[in-house]
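Asker: Starting off with a structure, shown below.
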Number of protein chains: 2
Amino acid sequence: MSTTLFRQADLAAMPSRHRAHFVNSLSGFKSANLLATKSTAGVTNLAMISSVVHLGADPALMGYITRPKTVARDSIDNIETTGVYTFNHVHSLMLPAAHQAAAKFASDQSEFSECGFNEGYVDDFFAPYVQESALSIGLALVETVPIRHNGTQLVIGKIEWVKVPQTVINDDGYIAIEKLDSIAVSGLDGYHQSQRIARFSYPEIGCAPKQLHSL
Amino acid sequence: MSTTLFRQADLAAMPSRHRAHFVNSLSGFKSANLLATKSTAGVTNLAMISSVVHLGADPALMGYITRPKTVARDSIDNIETTGVYTFNHVHSLMLPAAHQAAAKFASDQSEFSECGFNEGYVDDFFAPYVQESALSIGLALVETVPIRHNGTQLVIGKIEWVKVPQTVINDDGYIAIEKLDSIAVSGLDGYHQSQRIARFSYPEIGCAPKQLHSL
């Protein structure tokens with residue numbers, strides 16, 4: 001395959017929407033999560049996000065990137081006022097409804113009802129989870145870190161609870177998320193199913209990685 | 001499938017390695033990139049990372065999460081002293097060598113030669129790219145943002161150049177990375193191939209998403 005080199009001037013010359021598709025494709029495959037919140041007035045909200053990032057296991061912290069004045073505005077408002085939110089894996093059967101959750105619904109509309117998802121609750125945790133999702137995570141806001149170069153923020157949360165089918169959890173803790181049909185995202189609007197190639201043993205010098213037997 | 005609810009006390013009770021596998025699996029699928037750098041002494045370095053996150057298209061910014069005292073230490077040292085680095089997609093044929101790049105090689109060893117990858121260079125850009133990778137991105141360090149809760153850092157870079165085969169770029173800018181056989185990661189050590197289910201049109205109120213025809 002012949003390869004093309006794009007420099008900064010080439011990126012700058014792209015029409016805005018073209019550049020958005022191009023640059024959003026570069027990182028590689030991304031996770032697909034529905035971010036669920038509820039306002040103090042009781043209106044639930046869903047936003048489709050592909051920027052969830054693992055920050056640490058102990059304490060168990062996860063982050064995601066939010067833009068101050070976009071479709072995700074209701075979400076970050078609700079997170080800042082209520083302190084809690086959930087991430088919910090998107091599975092192939094949840095398409096295209098999960099994609100549609102990114103449309104600009106009014107603040108008094110719930111993407112749950114508008115897009116056909118059902119709310120669930122864990123104990124007295126204020127934020128709903130998505131019942132159609134097989135893996136949901138309840139988080140408490142720890143900090144929002146401003147990224148001054150473009151006005152985005154890294155929203156950091158501590159895991160309060162995890163809801164996941166026991167049958168996909170391996171003895172060593174690894175969760176076989178492809179067995180849940182969790183999907184991956186590329187670019188702004190590409191959705192992908194996946195098959196595991198392999199799991200490999202912990203990398204050590206002078207010792208080729210071995211394939212791990214795994215669910 | 002019966003579902004299990006794990007609370008904070010359950011996470012705290014997990015053995016450390018078990019918790020690492022479990023919590024690292026939660027975010028969903030992650031990108032697989034080789035981070036390539038070169039020290040001022042001329043030693044090249046590779047690190048396998050799964051935390052690359054899109055931050056913005058204009059300016060074109062990407063981030064990744066680094067831990068201060070781990071295998072990625074040479075990488076962040078090189079980034080801070082030279083100001084430049086590259087992300088390189090991992091394809092299935094690069095396994096398990098790319099996984100092995102995460103082993104704790106000494107600072108004077110290059111993971112390029114130790115793991116069987118070849119260095120390439122764009123003009124006078126100081127950091128190497130990985131020749132075996134079909135999609136490489138040259139970045140200049142913009143800022144490292146400390147995450148005080150666990151000592152990790154968000155490393156923010158501005159895209160200087162992108163090397164990608166023209167044949168996988170759609171007219172609208174979307175790059176069909178699955179045609180490059182770029183892989184996805186789950187947990188600490190799971191690698192996945194993917195097939196695209198669909199691309200969907202920009203979500204708009206009152207209008208069901210349409211499938212986009214696409215490479």
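Asker: Determine whether the range B:151-164 contains at least one residue that is open to solvent by 50 Å² or more (accessible area, probe 1.4 Å) and either at the interface with chain A (Cβ under 7 Å from one of its Cβ atoms) or at pLDDT below 95 (or both).
Answerer: For the range B:151-164, residues open to solvent by 50 Å² or more (accessible area, probe 1.4 Å) and either at the interface with chain A (Cβ under 7 Å from one of its Cβ atoms) or at pLDDT below 95 (or both): present.
Asker: Consider the range B:37-56. How many of its residues are hydrophobic (A, V, I, L, M, F, W, C), more than 11 Å from every other protein chain (Cβ to nearest Cβ) and in a loop (DSSP other than H, G, I, E, B)?
Answerer: Total meeting the criteria: 2.
Asker: Here's another thing I want to ask about it. Evaluate the following for B:Ser133: is it at the interface with chain A (Cβ under 7 Å from one of its Cβ atoms) and either open to solvent by 60 Å² or more (accessible area, probe 1.4 Å) or within 17 Å of the chain's Cα centre (by Cα) (or both)?
Answerer: No.
Asker: Being more than 12 Å from chain B (Cβ to nearest Cβ), closer than 20 Å to A:Ser133 by Cα and assigned to a strand (DSSP E or B), is that true of even one residue in the range A:82-93?
Answerer: Within the range A:82-93, one or more residues are more than 12 Å from chain B (Cβ to nearest Cβ), closer than 20 Å to A:Ser133 by Cα and assigned to a strand (DSSP E or B).
Asker: Exactly one condition in (1) more than 7 Å from chain A (Cβ to nearest Cβ); (2) surrounded by fewer than 21 Cβ atoms within 10 Å (Cβ to Cβ); (3) in contact (Cβ under 8 Å) with a residue 60 or more places away in the chain; (4) under 19 Å from the mean Cα position of the chain (by Cα) is false for B:Val142; which is it?
Answerer: All conditions pass for B:Val142, except number (1).
Asker: If I ask for residues that are farther than 15 Å from B:Val162 by Cβ and either in a strand (DSSP E or B) or among the hydroxyl-bearing types (Ser, Thr, Tyr) (or both), which ones from the range B:57-67 would you list?
Answerer: B:Gly63, B:Tyr64, B:Ile65, B:Thr66, listed by residue number.
Asker: So how many residues does the range A:177-215 have that are at the interface with another protein chain (Cβ under 7 Å from one of its Cβ atoms), within 25 Å of the chain's Cα centre (by Cα), at negative phi and not hydrophobic (A, V, I, L, M, F, W, C)?
Answerer: Result for the range A:177-215: 12.
Asker: Continuing with the same structure: Here is a list: B:Leu11, B:Leu34. Which entry is touching a residue at least 12 places away in the same chain (Cβ under 8 Å), not charged (D, E, K, R) and not in a helix (DSSP H, G or I)?
Answerer: Answer to the selection: B:Leu34.
Asker: Of the conditions (1) of a type outside the set (Gly, Ala, Ser); (2) part of a loop (DSSP other than H, G, I, E, B); (3) closer than 30 Å to A:Gln153 by Cα; (4) open to solvent by less than 20 Å² (accessible area, probe 1.4 Å), B:Phe117 clears all except one; give me its number.
Answerer: Tallying (1) of a type outside the set (Gly, Ala, Ser); (2) part of a loop (DSSP other than H, G, I, E, B); (3) closer than 30 Å to A:Gln153 by Cα; (4) open to solvent by less than 20 Å² (accessible area, probe 1.4 Å), B:Phe117 fails exactly one: (3).
Quick grid of which residues meet (1) open to solvent by less than 20 Å² (accessible area, probe 1.4 Å); (2) free of Cβ contacts under 8 Å to residues at least 24 places away in the same chain:
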| site | (1), (2) |
| --- | --- |
| A:Arg7 | no, yes |
| A:Ser16 | no, yes |
| A:Asn45 | yes, no |
| A:Pro59 | no, no |
| A:Ile79 | yes, no |
| A:His89 | yes, no |
| A:Ala106 | no, yes |
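Asker: Moving to a separate point now. Considering each residue of the range A:157-215, count those that are in a loop (DSSP other than H, G, I, E, B) and not charged (D, E, K, R), and give that number.
Answerer: 18
Asker: Condition first: open to solvent by 20 Å² or more (accessible area, probe 1.4 Å), more than 22 Å from A:Asn24 (Cβ to Cβ) and of a type in the set (Val, Ile, Thr). Can you find one or more residues in the range B:22-43 that meet it?
Answerer: yes
Asker: Determine which single condition B:Ser50 fails, assuming it passes every other condition in (1) out of contact with any strand residue (DSSP E or B) (no Cβ under 7 Å at 6 or more places or on another chain); (2) under 18 Å from A:Met62 (Cα atoms).
Answerer: Of the numbered conditions (1) out of contact with any strand residue (DSSP E or B) (no Cβ under 7 Å at 6 or more places or on another chain); (2) under 18 Å from A:Met62 (Cα atoms), the odd one out for B:Ser50 is (1).
Asker: Still on this structure: Quick check: anything in the range A:18-27 of a type in the set (D, E, K, R) and under 30 Å from B:Ile137 (Cα atoms)?
Answerer: Looking through the range A:18-27, at least one residue is of a type in the set (D, E, K, R) and under 30 Å from B:Ile137 (Cα atoms).
Asker: Does A:Asp74 qualify as being more than 8 Å from chain B (Cβ to nearest Cβ), over 13 Å from the mean Cα position of the chain (by Cα) and part of a loop (DSSP other than H, G, I, E, B)? So that I can check it myself, show each step before the final result.
Answerer: Working: more than 8 Å from chain B (Cβ to nearest Cβ): yes; over 13 Å from the mean Cα position of the chain (by Cα): yes; part of a loop (DSSP other than H, G, I, E, B): no.
So A:Asp74 does not fit the description; no.
Asker: Mind listing whichever residues of the range B:165-180 are touching a strand residue (DSSP E or B) at 6+ places or on another chain (Cβ under 7 Å) and at pLDDT 95 or above?
Answerer: Hits for the range B:165-180 are B:Pro165, B:Gln166, B:Val168, B:Ile169, B:Tyr174, B:Ile175, B:Ile177, B:Leu180.
The values are calculated or read from the model by the stated rules, or taken from the named source; none is laboratory data. Only a predicted model underlies this, so the values are computations on that prediction, with no experimental measurement involved. No Cβ is skipped: glycine too gets one built from the backbone with ideal geometry, and neighbour counts run over all protein chains shown. SASA here: full protein model, heavy atoms, side chains in, ligands and nucleic acids out. Shrake-Rupley method; radii C 1.70, N 1.55, O 1.52, S 1.80 Å.
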